[in-house]
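S.K.: Here you go, one structure.
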There are 2 protein chains.
Amino acid sequence: MQPFASGTSDDGCAFRLYISSGCNPCMRSIPLLPQRLMVAGRSLPRMIKELHVNRMIRCLLAALLVFCSLPVLAADPLPSWKSGPSKKAIVAFMDKVTTTGSPDFVAVNERIATFDNDGTLWAEQPLYFQGFFVFDRIRVLAPQHPEWQTTEPYKSALTGDMKDLAAAGEKGLAELIAATHSGMTTDEFNSVVTQWAATARHPKTKKLYTEMVYQPMLELLAYLRANGFKTYIVSGGGQEFMRPWTERVYGIPPEQVIGSGGELKYELRDGVPVLVKLPKVALVDDSVGKPVGIQRFIGRRPIFAFGNSDGDQQMLEWTTGGDGPRFAGLVHHTDGKREWAYDRKSRIGKLDKAWDEATQKGWTVVDMRKEWKTIYPPAR
Amino acid sequence: MQPFASGTSDDGCAFRLYISSGCNPCMRSIPLLPQRLMVAGRSLPRMIKELHVNRMIRCLLAALLVFCSLPVLAADPLPSWKSGPSKKAIVAFMDKVTTTGSPDFVAVNERIATFDNDGTLWAEQPLYFQGFFVFDRIRVLAPQHPEWQTTEPYKSALTGDMKDLAAAGEKGLAELIAATHSGMTTDEFNSVVTQWAATARHPKTKKLYTEMVYQPMLELLAYLRANGFKTYIVSGGGQEFMRPWTERVYGIPPEQVIGSGGELKYELRDGVPVLVKLPKVALVDDSVGKPVGIQRFIGRRPIFAFGNSDGDQQMLEWTTGGDGPRFAGLVHHTDGKREWAYDRKSRIGKLDKAWDEATQKGWTVVDMRKEWKTIYPPAR
């Protein structure tokens, strides 16, 4: 391990400073502290306990290290992951890319990790959660649109007739999305989503949708960030639908959320600038659109990516297609009891071709039932 | 000032820890350290000097603070700015938004600053530097296109006949851009730009283009980052044209570079994934396109923005249109001797309507000749 700094102090004492890990650049609201400080090969938190010095100095050091020491004391960064092939692969990758002097060492600014959202960070059954949002909004907006009672696809959306709705096809779905996702300013849409996320509940679990995130994946995001990674969402879902809550729920700030989105129009309304959401698609961030979104928004290739379906196949190919150490992971939904079990034949989150490629190329496939101790975070 | 942490150590000594500023989240390759550490209202670097403790402890603290103390010791964060209205406005704004407990305090994760590039961070005369890149590329590619010798707009681009080229208008320019910016992979284009930036020189100054960046603006970028800001480029220029060199030159990583850009296509070539640059515009990040680019890429409104021309007017409106403290700045090119002098009637970097709005709204307008001690960084 190379010292981060070395030299001689004013009174002739040589020192070497080692910092073995980066900070968490996402917790930007908390001043950043190095997570593990080593001086002359020894851990500082441990040294404090052993020092025979006056109380003031000990307090100084304790104060300095009060936050630094927490991650060091947490022995297992992935407590909700059972010891199995996936956890081992993740930890081995992390050790490899963060060990200074290792041939696989990756500079901190190149530590980019991208995550799909639906089915990877939160659940997606029996319908993408943004679909529930669409239906909820149609019901809220219906009184202003009496014609919806008799016009498809609104009529079926209001009665919940999934069969007629399916018959409306992609065109019908696009119409519902346009009716609920455009025609307002970005600030207005942000408020609508924020309120929905704080109140709407899943029909089966009765949890808030934002409570149906995967605890093991929250730990993985934190583990990556504690090791200097920038964590991104790269989702087929709506960018503006995710941004209002991803920082609070995942620790991922809006500027690291990439998703599908529509065109925007800048306007001055009585001198006040607004951005109006237009019913025209600007980026479909799914499948072949994921590497495109990654290049456009990040401009560097991730070295770590996680998905769960065929829509993530190209993101994983793009990630593993670069030089040096690469990690590609897929969440396999095998837990019909605690969550849902589905793969090759699922209408939502189909995992078929990407699974074959994972098998062929040795990507990590997480068996949710066998490898995750818990699914959702404990209720607050 | 609120303590960041307080408590009682194991042996009963009460402590309070103050951290008065954030870290520099852009220098991600260097492990992040808080820039100013205060304990019980006193600066730690100063305390070390005053402490009567054994050498080992002093070395420990010196090692810990070897980097933290540097920014504290640098008395003037903007040494190339003369003491004048612009410098005063910048420093006053910074003090306001970073003082804990102040009504104008802004949380670190909301500290977003956006900068135009051409004419704001580097020079833009007598032609946008990307224009020189286009002509240089046309010359390099000409042997593969013998038909260009007799076809407009290539013929004029090759002979340097600006009059005939101007006659080709926007359509001609778009054709030249398409011929030099598409039809290759993103990796190939990155290599081309990297090599050009390392070798091509400005016809008048004979400097590398990347040496024609403004020293006072480099200091401003560093000053913002030292105070917890994320610094972004929001330019009408090409996103992929800037990314290969902005991290090295400005300390701005690719993921914080927003610019105009074309559509991309994902392909597997012999099993190797590539992104091909298509001759179709995806975003014109200028004028009304700047707030759109900001929303799409960042998803939060900047609190600080700097431009130099009418193309930046909407970015400054959008920035200042939010609640709380806001800063809008314009570089006014008044220095015909050391740089160029131009404003209302310039073909490149026209400053007219934005100047009027700045006067009316009290935005900061930097008089380059009067307020900047130096223009370019010292030659290396």
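S.K.: How many nanometers, to one decimal and shortest first, lie between the label point of A:Asp367 and those of its other copies, if labels sit 7 Å from Cα toward Cβ?
M.R.: Spacings between copies for this position, smallest first, are 7.6 nm.
S.K.: Using a Debye calculation, one point per C-alpha and no hydration shell, please list log10 I(q)/I(0) for segment A:149-216 at q = 0.16, 0.25, 0.28 Å⁻¹ in order.
M.R.: Log10 I(q)/I(0), no solvent term: -0.78, -1.05, -1.05.
S.K.: Further question: Please list 3J(HN,Hα) in residue order for segment B:109-115, calculated via the Karplus relation 6.51 cos²θ - 1.76 cosθ + 1.60 where θ = phi - 60°; whole Hz, with x for glycine and proline.
M.R.: 5, 9, 7, 10, 10, 10, 10
S.K.: Report ³J(HN,Hα) in whole Hz for each residue of segment A:116-132, in order, from the Karplus equation J = 6.51 cos²θ - 1.76 cosθ + 1.60 where θ = phi - 60°; Gly and Pro get x.
M.R.: 5, 9, 5, x, 10, 9, 9, 5, 8, 10, x, 7, 3, 4, 5, x, 4
S.K.: Here's another thing I want to ask about it. Of the DSSP beta bridges with both residues in segment B:228-380, give the percent that are antiparallel, rounding to the nearest 5.
M.R.: Among the beta bridges of segment B:228-380, antiparallel pairing accounts for roughly 45 percent.
S.K.: Over all alpha-carbon pairs in segment B:102-163, figure out the percentage whose distance exceeds 20 Å.
M.R.: Distances greater than 20 Å cover 52 percent of the Cα pairs.
S.K.: May I pose another question? How large is the direction-averaged shadow of the alpha-carbon convex hull of segment A:280-327, in nm²?
M.R.: 3.4 nm²
S.K.: For labels at B:Arg380 and A:Asp356 in the simple 7 Å Cα→Cβ model, what's the distance in nm?
M.R.: Using points 7 Å along Cα→Cβ, the separation is 5.0 nm.
S.K.: Here's a follow-up. Beta carbons within 10 angstrom, averaged per residue: use that to sort the peptides A:191-200, B:165-174, highest first.
M.R.: Packing order, densest peptide first, comes out as A:191-200, B:165-174.
S.K.: Quick one: with all protein chains in place, what share of the accessible area of segment A:110-371 is carbon or sulfur, to the nearest percent (1.4 Å probe)?
M.R.: Taking all protein chains in place, segment A:110-371 shows 53 percent carbon and sulfur surface.
S.K.: For a quick check: with amide H placed at 1.01 Å from N, whose amide H comes under 5 Å from A:Val366's, ignoring anything fewer than 5 positions away on the same chain?
M.R.: A:Leu330, A:Val331, A:His332
S.K.: Could you order the peptides B:263-269, A:89-95, B:153-159, A:356-362 from most to least packed, using the average number of other C-beta atoms within 10 Å per residue?
M.R.: The densest-packed peptide leads the list: B:153-159, A:89-95, B:263-269, A:356-362.
S.K.: Once amide H atoms are built 1.01 Å from N in the peptide plane, which residues 5 or more positions from A:Trp372, or in another chain, come under 5 Å H to H?
M.R.: Counting only residues 5 or more places away or on other chains, the set is A:Lys82.
S.K.: Please report, to two decimal places, log10 I(q)/I(0) for segment B:228-293 at q = 0.13, 0.14, 0.17, 0.18 Å⁻¹ as given by the Debye formula with identical point scatterers on the Cα atoms and no solvent.
M.R.: -0.43, -0.50, -0.68, -0.74
S.K.: Principal axis lengths of segment A:110-371 from Cα atoms, whole Å, largest first?
M.R.: Cα spread of segment A:110-371 along its principal axes, largest to smallest: 56, 47, 29 Å.
S.K.: Decide, for segment A:85-128, between rounded, prolate and oblate: order the square roots of the alpha carbon gyration tensor eigenvalues as a ≥ b ≥ c, take rounded if a/c falls under 1.5, and otherwise choose prolate if a/b is larger than b/c, else oblate.
M.R.: Verdict is oblate for segment A:85-128.
S.K.: Accessible area per residue, 1.4 Å probe, Å², for segment B:295-375: what's the number?
M.R.: That works out to 39 Å² per residue.
S.K.: In peptide A:288-295, what is the residue-averaged number of other protein chain Cβ atoms found within 10 Å of each Cβ?
M.R.: 5
S.K.: Evaluate peptide B:262-274: per residue, the Cβ atoms of other protein chains within 10 Å of its Cβ; return the mean as an integer.
M.R.: That average works out to 4.
S.K.: Right, another one. How large is ³J(HN,Hα) for each residue in segment A:363-369, as worked out from phi by the Karplus curve 6.51 cos²θ - 1.76 cosθ + 1.60 (θ = phi - 60°), to whole Hz, x for Gly and Pro?
M.R.: Couplings: 5, 7, 10, 7, 7, 3, 5 Hz.
S.K.: Placing the label point 7 Å from Cα along the Cα-to-Cβ direction, what are the distances from A:Pro103 to the equivalent spots in the other copies, shortest first, in nm to one decimal?
M.R.: So the distances to the same position in the other copies read 6.3 nm.
S.K.: To the nearest 0.05, how large is the calculated FRET efficiency for B:Ala341 and B:Ser83 if R₀ is 25 Å and r is the Cβ-Cβ distance?
M.R.: So, using R0 = 25 Å, E works out to roughly 0.65.
The values are calculated or read from the model by the stated rules, or taken from the named source; none is laboratory data. Here the structure is a predicted model, which means the values were calculated and not measured. A quick note on method: Cβ atoms are made from the backbone with ideal geometry, for glycine too, and the neighbour counts reach across all protein chains shown. Please note that ligands, DNA and RNA were not included when accessible areas were found on the heavy atoms of the full protein model with its side chains. Shrake-Rupley method; radii C 1.70, N 1.55, O 1.52, S 1.80 Å.
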